[in-house]
1. Hey, can you grab everything whose amide H is under 5 Å from the amide H of Ile63? Only 5+ residues off in sequence or another chain; H modelled, so Pro and N-termini drop out.
2. Kindly provide the trypsin sites (Lys or Arg not before Pro) of segment 6-99 that DSSP labels as loop, not H, G, I, E or B, and whose Cβ sees at most 15 other Cβ atoms within 10 Å.
3. Determine how many Å³ per residue the convex hull of the Cα atoms of segment 101-153 encloses.
4. Under a crude label model (7 Å from the Cα following the beta-carbon direction), how far is Gln153 from Thr8 in nanometres?
5. May I ask you to give the average projected area over all directions of the convex hull of the Cα atoms of segment 1-92, in nm² rounded to one decimal?
6. Please compute the modelled spin-label separation between Leu161 and Met41, points set 7 Å along Cα→Cβ, answer in nm with one decimal.
7. Please give me the summed charge of the neighbours of Gln54: other residues whose Cβ is under 14 Å from its Cβ, Lys and Arg +1, Asp and Glu -1.
8. Taking a quarter of the surface of the Cα convex hull of the chain, what do you get in nm²?
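The values are calculated or read from the model by the stated rules, or taken from the named source; none is laboratory data. Keep in mind that what you see is a predicted model, and the values were worked out from it rather than measured. Every residue, glycine among them, receives a Cβ derived from its backbone with ideal geometry; neighbour counts consider all protein chains shown. Only protein heavy atoms, including side chains, enter the accessible area calculation; ligands, DNA and RNA are left aside. Shrake-Rupley method; radii C 1.70, N 1.55, O 1.52, S 1.80 Å.
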Amino acid sequence: KVVDFKLTNALGRDVILFEELAKGPVILVFYRGGWCPFCNMQLKAYQQILPEIQAIGAQLIAISPQKPDHSLSLQEKEELEFQVLSDPNGLVTAKYNLLFDVPQGVREVMEGIGLDLAEYNNTSKWVLPVPATFMIDESAIIRSSYVNPNFMQRQSPEEILRELKKL
């Protein structure tokens, strides 16, 4: 069973998972942030299948630790029509066992290219989620999951639709 949560969307409105599940199945996507080109490609690909997701009666919700301003910028830039939520300090991500501390060597590389992850996420912590996708039915049961620590590999849109149709 999934862990319920309340997070803020890009427009500053609260989104409660169980309230969204009352409307139908949810595809829950954890991503690293708008600074990550792999995340951006993933979300754009998912946007392309959004009409098919909605035709099945489901919805897509994406979560990252980035601050809401960055989520709004990403949503506008990529023309995303699904909920993009901010998870400050990764508290919800941790409940899904996806949160990890960025290793010092990786932190140094990120800082070397001008990315201060703590500032970007408006926190004092250098944390990221392992990219993951969960298919959740209306009973709040995870029916399918894709978790891969290799941030360059994501679940394909075709796999998402195939798994969603099984719900």
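1. Val29, Phe30, Tyr31, Leu85
2. Details: sites: Lys6, Arg13, Lys23, Arg32, Lys44, Lys77, Lys95; in loops: Arg13, Lys23, Arg32.
Answer by residue number: Arg13, Lys23.
3. Per residue, the Cα convex hull of segment 101-153 comes to 109 Å³.
4. 3.6
5. Numbers: hull surface 22.4 nm².
Computing the convex hull of the Cα atoms and averaging its projections yields 5.6 nm².
6. 2.0
7. Details: positive: Lys23, Lys165; negative: Glu20, Glu52, Glu81.
It works out to a net charge of -1.
8. Numbers: hull surface 34.9 nm².
Average of the hull's projected areas for the chain equals 8.7 nm².
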